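Enquirer: Handing you this structure, nothing more for now.
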Amino acid sequence: LLWTCISTPLVFVGSYFGFRAERIQVPTKTNQIARFVPEQQWHSRYPWCAIIGGFLPFASVTVELFFIMGALWLHQYYYMM
């Protein structure tokens, strides 16, 4: 109810005023000389590094929440040290 009554109309009002506003003139100039782009680091080159980098924090939070929720459901105290 909150999303449909408040957020959705505000999106349309904001887009209306955004499209009617004049364009922003950026006060910088671009250089015509091409610059050297360095080679990617080893950790951003392989897609499995991104998968492992996202899986490790997700797994640790999942295990921690499993123990916390298990202790709450069994009416036990859970101490984090």
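Enquirer: Positive end of the charge dipole of the chain (Lys, Arg +1 and Asp, Glu -1 on Cβ, about the Cα centre): tell me which of Gly14, Phe67, Trp3 has its Cα farthest that way.
Expert: With unit charges placed on the Cβ atoms, the residue in question is Gly14.
Enquirer: Apply 1/(1 + (r/R0)^6) to the Cβ-Cβ distance of Ser60 and Phe19, taking R0 = 35 Å, and write down the FRET efficiency to the nearest 0.05.
Expert: Calculated value: 0.20.
Enquirer: Expressed in nm to one decimal, what extension gain is obtained for the pair Trp3 and Ala71 from 0.36 nm per residue of sequence separation less their Cα-Cα distance?
Expert: 21.0 nm
Enquirer: Between Leu10 and Lys29, with labels modelled 7 Å along Cα→Cβ, what's the label distance in nm to one decimal, could you check?
Expert: Using points 7 Å along Cα→Cβ, the separation is 4.2 nm.
Enquirer: Could you report the accessible area of Ile51 in Å², rounded to 10, computed with a 1.4 Å probe on the protein chains as they sit in the structure?
Expert: Result for Ile51: roughly 120 Å² accessible.
Enquirer: Shifting gears a bit: Can you give the angle from 0 to 90° between the axis of helix 8-20 and the longest principal axis of the chain, with both taken from C-alpha atoms, to the nearest 10?
Expert: Rounded to the nearest ten degrees, it is 20.
Enquirer: Return the label of the correct value of Cα Rg over 2.2 N^0.38 Å, as calculated from the structure shown, out of (1) 1.11; (2) 1.19; (3) 2.14.
Expert: (3)
Enquirer: Treating the beta-carbon of each Lys and Arg as +1 and of each Asp and Glu as -1, no other charges, what is the dipole magnitude of the chain about its Cα centre, to the nearest 20 debye?
Expert: 420
Enquirer: As a test of reading the structure, rank Cys5, Cys49 by solvent-accessible area (1.4 Å probe, protein chains only), most first.
Expert: Cys5, Cys49
The values are calculated or read from the model by the stated rules, or taken from the named source; none is laboratory data. Just so it is clear, the model here is predicted, and its values are computed rather than measured. Cβ: placed from backbone, ideal geometry, glycine included. Neighbour counts: every protein chain shown. In case anyone asks, the SASA skips ligands and DNA or RNA and just uses the protein heavy atoms, side chains included. Shrake-Rupley method; radii C 1.70, N 1.55, O 1.52, S 1.80 Å.
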